[in-house]
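The values are calculated or read from the model by the stated rules, or taken from the named source; none is laboratory data. Only a predicted model underlies this, so the values are computations on that prediction, with no experimental measurement involved. All Cβ positions, glycine included, derive from the backbone under ideal geometry; neighbour counts span all protein chains shown. Note: accessible area is taken over every heavy atom of the protein model, side chains too, but ligands, DNA and RNA are not part of it. Shrake-Rupley method; radii C 1.70, N 1.55, O 1.52, S 1.80 Å.
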Amino acid sequence: MISKAASNTVALVSWATVAVLVFDGFLSGILSVFFLPTYLGSVQFPVSALLGGVANVALILAARKVAERPLWVASPLIGWFAAVLLCMFGGPGGDVLLLADWRTMLLIVAGAGPAGVLLFMFRMKAITASVHADPHPAVRPRSSSESTVR
């Protein structure tokens, strides 16, 4: 039997780990935006959009190891979205990091798409597992000795 103090410690460590993963998601979003306008020679090569997607999937998988609630598992992706949204606003001098460009759409789709699909799969798996586990928990079959004829 685990004591209450040990259970509280595990919960605190889980919460701290999720907080670090949210910060990592935020940093991943910032770095994805900063490296979005990269070039390979004279050709635009936005590899940071794909790397952001891979990083988000890894962060979601790490959050799932330490968290049980769906919101906590999705929180690194929420941190990534917050960073990308923050970069969409103009700065004090009118500077804008993300322009209305195909690369911005690629960043959002390739960065959040795979992690969103993974979260959707986790949620559907949990829903179907709960339905298949016991569809009618309050109803139990009566044995032949319990049935009475009126």
Practice item. Quickly run through the stretch 25-62 and pick out the residues that are in a strand (DSSP E or B) and either under 18 Å from the mean Cα position of the chain (by Cα) or free of Cβ contacts under 8 Å to residues at least 24 places away in the same chain (or both). Key: Tyr39, Leu40, Val43
Point to revise | Filtered residues of the stretch 79-112 (kept if in contact with a Gly (Cβ under 9 Å, 6 or more places away or on another chain), open to solvent by 90 Å² or more (accessible area, probe 1.4 Å) and aliphatic (A, V, I, L, M)) | key: Leu85, Leu86, Leu97
Review point. So which pairs qualify, if the first residue must be in the stretch 63-84 and assigned to a helix (DSSP H, G or I), the second must be surrounded by 22 or more Cβ atoms within 10 Å (Cβ to Cβ) and of a type in the set (Ser, Thr, Tyr), the Cβ gap must be under 6 Å, and the two must be at least 6 apart or on different chains?
Key: Trp80/Ser28
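It is to be established whether one or more residues within the stretch 47-64 are farther than 19 Å from Pro114 by Cβ and open to solvent by 70 Å² or more (accessible area, probe 1.4 Å).
Within the stretch 47-64 (the criterion being farther than 19 Å from Pro114 by Cβ and open to solvent by 70 Å² or more (accessible area, probe 1.4 Å)), the answer is no, since none of the residues qualifies.
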